[in-house]
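The values are calculated or read from the model by the stated rules, or taken from the named source; none is laboratory data. Bear in mind that the values here come from a model prediction, so they are computed numbers and not experimental data. Cβ atoms come from the backbone with ideal geometry, glycine included; neighbour counts cover every protein chain shown. Calculation scope for accessible area: heavy atoms of the full protein, side chains included, ligands and nucleic acids excluded. Shrake-Rupley method; radii C 1.70, N 1.55, O 1.52, S 1.80 Å.
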Amino acid sequence: MSDLILFWHRRDLRISDNLGLAAAYQRSSKVVGVFCLDAGILERDDVAPARVAYLIGCLQELQQRYAEAGSQLLILHTDPRVGLPQLAAVLGAKAVYWNRDVEPYARNRDRAVAEALKEKGVEIRTKTWDQLLHAPGDVQTGSGAPYTVYTPFWRNWSRQTKADPAPKMEKAQGLSPNEQAQAEPAGVISLPDAKDLGFVWQNDLPLLSGEKAARTQLARFCEECIQTYDIERNFPAVLGTSQLSSALKFGAIGIRTVWAATIEALEQTRSDQARAAINTWRQELAWREFYQHAMYFFPDLADGPYRQPLKNFPWDNNKDQFQAWCEGKTGYPIVDAAMRQLNQTGWMHNRCRMIVASFLTKDLMINWQWGEQYFMQKLVDGDLSANNGGWQWSASSGMDSKPLRIFNPASQSQKFDPDAEYIRQWLPEIRSLDTAMLVTGKIPEDECERYNYPAPIVDHKEQQAIFKQKYRIQKAAARD
Ligand code: FAD
Ligand code: FO1
């Protein structure tokens, strides 16, 4: 048996600040990376072309980083349950290391891969929780249960000491040409383009792929935006958020590195206001962890509503209205602008994610899981835990204590896009209309016709009343 350790990357696409990789490298300098293009994920019907384009870009950069360090990142186009044990056996690897994940698919896959490797006598090391500052189970209530409410989770989470970034893998030893030749029949391929995998994405991504771009973006955000984040983050026309979500989803940047940047940002200011803004951004990082812990402890969240009143809810599920929502043609300018932003860029501002999710569920009375799936089909940062958490929150089906949340599109626009800047950006066909019309959504019929913009497909006030009535009935039935 050689000194070779295989490190299996999945959503930790970097060589710096990677806990599992650092542990492998500490044990042996001969560390070779592996990524499996997994049909079990890529052939699902909720994979966004933008997300795969981002992923492939990250893998391209990761291959370069491995080459610079003196090693390789091997790409397998096989089921990891088959491909990894075969590769490990062919190369006589001493061990396979990987970081843990919270998703139900990941947990089943990883169990099966672990068993297959053990059968072949290959050691595995899988204890590291790289993608989180605190592992599930490390942040619990006084009675040792997982939190189901965010605020006490945040209080406990923020009190706990966070680890420093893990050391970078520097000079490693890779496979010899002979070993590389041996690896090929085990399914090693050259990295394909996204379009070779059936995913076509031709627009720019909100964040370029890879660790370098993510670090640059983090530095820019900390320099220019973090000190005013608590205010600016609400306005979709302003670039006031970090746009690091795809990097965090795929681990193009380490979460400890991100946390270290917030410490530095705090050290650089004496302003209480700026400190409060930095803290608000930290709270978003904690939301990310809250939803991942929730997915780990309550995997059923992935399959449907957490709360009883929203189970078997009598949704209208009108397919034409759903189509209009998807295309940004509901006649509600803020909703339509947001959906066009999603369709064209693969990203949507958080305020708008909440507005369109409320509109789909409370105004159109369409099952939130349709929206959840559509988001996954489009989002560059689409992530099971965050997306499911966001949708359950918006649909009032989730864990949090304030159950019925209905957003009024007009008041949201008035508050957060008062000059209709965002609406004009994404709905160019009606950009010449008065700001008041765009913001309130009260566009005269003849203007709608003139600019080929739809009249509202439902009446917000009426729909809100119907939803509340349905919800009351469901709640009463759940009590019986
Ligand atoms: P910033 O405001 O800079 O926040 C920093 C980071 O914190 C984000 O990159 C993200 O990793 C995390 N974060 C921020 N807000 C949340 C949140 N509410 N929940 C969990 N993590 C958060 N986020 C995703 O990463 N993937 C999704 O699939 C996703 N789907 C969503 C669906 C709905 C219906 C809603 C309401 C929210 C969803 N979010 C999702 C959360 C949030 O909208 C995005 O994380 C955020 O808009 C990404 O932009 P940013 O990187 O500029 O965020
Ligand atoms: N991980 C992989 O190991 N192989 C893939 O082919 C792969 C594709 C992929 C596509 C979209 C996406 O959102 C994530 C993807 N991932 C892939 C990462 C995935 O999130 C992790 O593998 C999880 O552990 C799966 O539960």
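If you check L310, L239, L244 for being at pLDDT 95 or above and out of contact with any strand residue (DSSP E or B) (no Cβ under 8 Å at 6 or more places or on another chain), only one passes: L244. Would you say I366 is of a type in the set (A, V, I, L, M, F, W, C), at pLDDT 95 or above and part of a helix (DSSP H, G or I)? No, not satisfied.
Candidates in segment 368-386 are the residues that are within 12 Å of the chain's Cα centre (by Cα), of a type in the set (A, V, I, L, M, F, W, C) and open to solvent by 10 Å² or more (accessible area, probe 1.4 Å); of these, the one that is nearest to E284 (Cα to Cα) is A386. Exactly one residue out of A50, A89, A95, A69 is surrounded by fewer than 22 Cβ atoms within 10 Å (Cβ to Cβ), outside the structural domain of L384 (by TED's automatic domain parsing), farther than 30 Å from E119 by Cα and hydrophobic (A, V, I, L, M, F, W, C), and it is A69. Against the list (1) touching a strand residue (DSSP E or B) at 6+ places or on another chain (Cβ under 9 Å); (2) within 16 Å of ligand 2 (Cβ to nearest atom); (3) touching a residue at least 60 places away in the same chain (Cβ under 8 Å), the condition R125 fails is (2). Across segment 157-177, which residue is most open to solvent (accessible area, probe 1.4 Å) among those that are within 22 Å of A261 (Cβ to Cβ) and of a type in the set (A, V, I, L, M, F, W, C)? Restricting to residues being within 22 Å of A261 (Cβ to Cβ) and of a type in the set (A, V, I, L, M, F, W, C), the top hit is A163. Within segment 123-145, does at least one residue satisfy the condition of being part of a helix (DSSP H, G or I) and surrounded by fewer than 16 Cβ atoms within 10 Å (Cβ to Cβ)? Checked against the condition, which is being part of a helix (DSSP H, G or I) and surrounded by fewer than 16 Cβ atoms within 10 Å (Cβ to Cβ), segment 123-145 yields no hits at all.
Just name the residue that is nearest to Q64 (Cα to Cα) out of those in segment 11-37 that are among the basic types (K, R) and within 16 Å of ligand 1 (Cβ to nearest atom).
R14
The residues in segment 227-254 that are near ligand 1 (Cβ under 9 Å from one of its atoms) and assigned to a helix (DSSP H, G or I) can be counted, and the count is 6. Just a yes or no: is a residue in segment 235-244 under 30 Å from E43 (Cβ atoms) and hydrophobic (A, V, I, L, M, F, W, C)? Yes, there is a match, as at least one residue in segment 235-244 is under 30 Å from E43 (Cβ atoms) and hydrophobic (A, V, I, L, M, F, W, C).
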